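Input: a single structure, listed below in structure tokens.
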Amino acid sequence: MELGQSFQDGGERYDRVRPGYPADSLRWLLPDTAETAADIGAGTGKFTALLLERGLEVAAVDPSTDMLEQLRKSYPQVRALEGTAEATGLADSAFDVVSVAQAWHWCDPLIASTEISRILRPQGILGLIWNQLDTSVPWVHRLSRIMHAGDVHKPGFRPVIGPEFAGLESHLTVWEDSMTPEEIMELSKSRSYYLRANQATRAKVMGNLEWYLYDHLAHAPGGIVQLPYVTQTWRALKVPPAPPR
């Protein structure tokens with residue numbers, strides 16, 4: 001998981017302004033028999049929270065110390081350790097489900113698939129989850145351009161997974177996140193484009209957002225904006241090992 005340096009800090013802001021995940025995503029992903037889960041690329045624990053709500057025993061892995069500090073504060077019952085999708089540091093055949101939420105695009109998918117298969121039990125499930133701005137809504141499409149957001153819904157998208165998994169299928173959840181205009185601007189500050197930019201570019205992004213939200217869309221400071229999202233959830237089943245010849 002080659003995580004950009006821009007996400008090695010800023011965990012507090014990320015936790016505060018990034019959206020959580022709809023419960024519908026986990027309901028579709030999770031079998032009733034599941035008892036254990038590993039959340040890889042867990043960040044500050046946005047998807048971890050759903051796993052805990054279902055009563056699972058959860059381990060969380062992320063390469064960012066700063067992100068994991070936030071996760072440990074919120075969910076001290078979770079075993080949290082630094083690692084990557086390619087090298088989790090977790091035990092063989094220990095989990096019923098492995099989730100990778102908003103992080104698979106940072107991974108080498110083939111190496112990560114091999115590693116995740118190793119830590120999954122037979123018939124275990126790999127879940128890949130993305131929160132994506134719903135750019136079918138015209139004002140959100142323009143907002144995503146101003147923010148330089150990469151997490152926009154692309155209907156033809158299909159993630160790459162390794163041969164250790166089969167039966168890849170997907171599920172869409174359409175929902176809205178309630179935010180203030182100020183929180184939307186903070187959301188922009190949590191994205192890699194802004195974090196990597198120089199001060200002049202950052203000032204331009206913030207100025208454009210202020211004009212768009214307050215002047216063009218006429219939102220009042222502190223008012224509530226319903227920001228449309230599509231959560232795309234993918235699942236695949238661990239393939240049984242080939243019988244010896």
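A few notes on this one:
- Within region 20-139, strands (runs of 3 or more DSSP E) holding 2 or more residues that are free of Cβ contacts under 8 Å to residues at least 24 places away in the same chain: 57-62, 79-82
- Enumeration of residues in region 162-181 that are in a strand (DSSP E or B), out of contact with any helix residue (DSSP H, G or I) (no Cβ under 6 Å at 6 or more places or on another chain) and not aromatic (Phe, Trp, Tyr): 166, 167, 168, 169, 170, 172, 174, 176, 177, 178, 179
- One residue stands out among those in region 89-103 that are within 17 Å of the chain's Cα centre (by Cα) and at pLDDT 95 or above: the one that is farthest from residue 191 (Cα to Cα), which is 97.
- For region 94-134, residues that are open to solvent by 60 Å² or more (accessible area, probe 1.4 Å) and in contact with a strand residue (DSSP E or B) (Cβ under 9 Å, 6 or more places away or on another chain) total 4.
- Pick from region 215-245, criterion open to solvent by less than 70 Å² (accessible area, probe 1.4 Å) and part of a loop (DSSP other than H, G, I, E, B), ranking: farthest from residue 188 (Cα to Cα): 239
The values are calculated or read from the model by the stated rules, or taken from the named source; none is laboratory data. Here the structure is a predicted model, which is why all the values come from computation and not from measurement. Virtual Cβ from ideal backbone geometry, glycine too; neighbours counted across all protein chains shown. What goes into the accessible areas is simple: the full protein's heavy atoms, side chains included, and nothing from ligands, DNA or RNA. Shrake-Rupley method; radii C 1.70, N 1.55, O 1.52, S 1.80 Å.
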